[in-house]
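Input: a single structure, listed below in structure tokens.
The values are calculated or read from the model by the stated rules, or taken from the named source; none is laboratory data. Note that this is a predicted model, so its numbers are computed, not measured. Backbone-built Cβ (ideal geometry, glycine too); neighbour counts: all protein chains shown.
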Amino acid sequence: MIAKEERRLRVGVLGAGPIAQFAHLESCVKARNADLYAICDAAPDLLARMGATYEPRKLYADYDAMLADPELDAVIVATSDAYHVPMSVKALEAGKHVLCEKPIGTSVEEGEALAEAVKRSGKLLQVGHMKRFDPALEAVRDFVRDEMGEVLALKAWYCDSTHRYTNTDAVQPLPVTSKQARKPAGNPKADLRQYFMLAHGSHLVDTARFLCGPIVAVRARLREKFGAYCWFVETEFASGALGHLDLTVAVRMDWFEGFQLYGEHGSVLAKTFNPWYFRASEVEIFHERTATTHKPLGADGHFFRRQLEGLADAALHGQPMRGADVEDGLASIRAMVAIARSVERGERVELAAVSGAV
């Protein structure tokens with residue numbers, strides 16, 4: 001077990017559904033510098049089950065009541081996408097730090113409103129782009145920043161698999177569900193283009209930005225065939241680097257995610273695993289000067305716990321926030337909207353000019 005530090009962030013988790021059960025509740029319990037202080041959910045049976053399992057100090061059926069608790073330091077928003085912005089804004093206005101699941105919103109306007117709320121509050125908001133806390137990808141980021149020199153190009157791919165649930169169901173416990181769970185109006189999967197882009201494309205876009213910096217324009221194509229959706233996206237980075245992003249849901253093969261990165265003084269080849277295996281990426285970092293390849297182990301693969309620890313370090317000790325902030329989250333929304341507009345129009349789209357929903 002990870003030793004707990006003396007000073008710890010008191011965290012309340014909003015939403016006790018699958019993502020909280022698979023990722024956030026355990027992260028609070030295991031984090032070295034945070035505690036699971038409270039759980040809040042509108043479904044009384046689900047709240048009782050999670051309370052009995054994780055034993056937080058407080059259980060709340062009402063979100064406003066949890067936010068009014070002066071002992072609470074931060075909130076993890078682990079709800080459906082439609083609730084991310086309003087629930088995050090409420091927490092910020094109540095003086096709480098926020099870790100919000102990705103995407104932070106479904107439209108540029110939502111993201112801008114949340115960014116304004118963060119500025120007004122003076123509190124921290126971290127977006128749940130947990131892949132930034134993959135230790136192998138952190139090693140790649142350090143190589144790009146310190147040794148690679150000018151980045152020439154990035155090729156990155158995120159391909160969900162038709163067999164992903166066969167694989168993950170074998171290693172995950174069954175989630176506890178409730179017929180009384182609060183759900184947003186409408187079916188979020190009614191528009192699969194939007195759903196797949198928000199659920200999967202947000203990871204791909206953020207990884208590209210994490211490694212290569214801001215994206216300024218895209219040109220995208222989409223092919224829908226036999227139930228599969230395949231986006232090929234040409235990206236232009238502010239640095240001048242070129243990019244090619246492949247988002248495919250779902251490939252008729254195993255989970256396929258990774259990237260190749262070409263630079264002035266070396267290159268990187270990476271393979272990333274389904275996140276529910278809690279396994280760091282396998283990366284090969286090639287150094288041109290010595291003609292040698294470095295392969296970091298990245299043994300600590302609990303990205304969800306590590307992202308919470310990063311927020312707690314920033315909130316408790318004033319350390320720089322290592323995760324994606326609200327501006328990163330907004331930039332991801334802009335990129336996804338630009339991809340959607342480029343598919344619709346068949347032309348290059350600049351991110352600065354887009355508005356509306358994905």
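For region 19-40, what are the residues that are farther than 18 Å from PRO173 by Cβ and either buried (at least 19 other Cβ atoms within 10 Å of the Cβ) or over 26 Å from the mean Cα position of the chain (by Cα) (or both)?
ALA31, ASN33, ALA34, TYR37, ALA38, CYS40
Of all residues in region 156-191, count the ones that are over 30 Å from THR235 (Cα atoms) and among the basic types (Lys, Arg).
The qualifying residues number 3.
Can you pull out the residues in region 140-174 that are within 22 Å of ARG252 (Cα to Cα), among the charged types (D, E, K, R) and in contact with an Asp or Glu (Cβ under 9 Å, 6 or more places away or on another chain)?
If the condition is that a residue be within 22 Å of ARG252 (Cα to Cα), among the charged types (D, E, K, R) and in contact with an Asp or Glu (Cβ under 9 Å, 6 or more places away or on another chain), then LYS155, ASP160, ARG164 are the ones that fit.
Would you point out the residue of region 1-18, among those that are farther than 18 Å from ALA91 by Cα and crowded, with 17+ Cβ neighbours inside 10 Å, that is nearest to the chain's Cα centre (by Cα)?
Per the criteria, the residue is GLY17.
Within region 30-65, track down each residue that is part of a helix (DSSP H, G or I) and either closer than 20 Å to LEU316 by Cβ or without any contact (Cβ under 8 Å) to a residue 40 or more places away in the chain (or both).
Scanning region 30-65 gives LYS30, LEU47, ALA48, GLY51, ALA52, THR53, TYR54, ASP64, ALA65.
Of the residues ASP41, ASP45, ASP62, ASP73, only one is more than 23 Å from ASP300 (Cα to Cα), at pLDDT 95 or above and touching a Lys or Arg at 6+ places or on another chain (Cβ under 7 Å); which?
Exactly one of ASP41, ASP45, ASP62, ASP73 is more than 23 Å from ASP300 (Cα to Cα), at pLDDT 95 or above and touching a Lys or Arg at 6+ places or on another chain (Cβ under 7 Å), namely ASP73.
The rows are residues; the columns are (1) outside any helix (DSSP H, G or I); (2) buried (at least 19 other Cβ atoms within 10 Å of the Cβ); (3) touching a Cys at 6+ places or on another chain (Cβ under 7 Å).
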residue: GLU309; (1), (2), (3): no, yes, no
residue: ALA315; (1), (2), (3): no, yes, no
residue: ILE333; (1), (2), (3): no, yes, no
residue: VAL337; (1), (2), (3): no, yes, no
residue: ALA340; (1), (2), (3): no, yes, no
residue: GLU344; (1), (2), (3): no, no, no
residue: GLU347; (1), (2), (3): yes, no, no
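Restricting the search to region 140-155, which residues are in a strand (DSSP E or B), under 23 Å from the mean Cα position of the chain (by Cα) and buried (at least 20 other Cβ atoms within 10 Å of the Cβ)?
LEU154, the sole residue that qualifies.
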